[in-house]
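K.L.:
Take this structure, written in structure tokens, and hold onto it; I'll ask about it next.
Every read-out reported here was derived from the displayed coordinates using simple, explicitly stated rules and does not represent laboratory data. Since the model is a prediction, treat every value here as computed from it, not as a measurement. Cβ atoms come from the backbone with ideal geometry, glycine included; neighbour counts cover every protein chain shown.
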Amino acid sequence: MKRIRPYIIALACLVVGTLIYLVCRTDILFVELLHLDYIPFRKINTENIFLYWFVYCLADGLWYLALLIVQYNILLKDSLYSRICAYVAVVLPFVIEILQGIHWISGTFDWLDILTYLLILTLFILCVKKS
């Protein structure tokens, strides 16, 4: 059970992140592609910084945490390949945000996303060092 716990946590992060998108953000392509835009939702006042963070940043942060957990547990070996995969997993969301900021890929650059990724990465590193 101890070996499967990280994957359960990663799956929970993915599910909660997806639920945030489905319940709070029906204006995204993911919802339209799956024809889920009929799901009723309540418009959330995103002028409040916490609610804005919850609606627009938390889901990505949870998905990032799931990526870190899975790559850490699958690629625990000390090989060049595992180190490269670990570095890619760590920098991936930051690179995506930067590419959005310079308009090389579609999306919205958001400093709160970067702060969320930094928070998730810091907490992840602290938890790994503790265990």
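K.L.:
Tell me the label-point distance for the pair Arg3, Val91, using the 7 Å Cα-to-Cβ offset, in nm and rounded to one decimal.
P.N.:
The modelled label-to-label distance comes out at 3.3 nm.
K.L.:
Across the stretch 84-100, in residue order, what do the Karplus-derived ³J(HN,Hα) couplings come to in whole Hz, using 6.51 cos²θ - 1.76 cosθ + 1.60 with θ = phi - 60° and x for Gly and Pro?
P.N.:
After applying 6.51 cos²θ - 1.76 cosθ + 1.60, I find 4, 4, 5, 5, 4, 4, 5, 8, 3, x, 5, 5, 4, 4, 5, 4, 5 Hz.
K.L.:
Additional query: At a Förster radius of 41 Å, what calculated FRET efficiency corresponds to the Cβ-Cβ distance of Thr18 and Ile102, to the nearest 0.05?
P.N.:
Efficiency at R0 = 41 Å is approximately 0.90.
K.L.:
According to a simple spin-label model (label point 7 Å from Cα along Cα-to-Cβ), what is the distance in nm between Ile49 and Tyr81?
P.N.:
In this crude spin-label approximation the distance works out to 4.5 nm.
K.L.:
Once you sort the root eigenvalues of the Cα gyration tensor of the stretch 79-120 as a ≥ b ≥ c, which label holds: rounded (a/c under 1.5), prolate (a/b larger than b/c) or oblate (the other case)?
P.N.:
oblate
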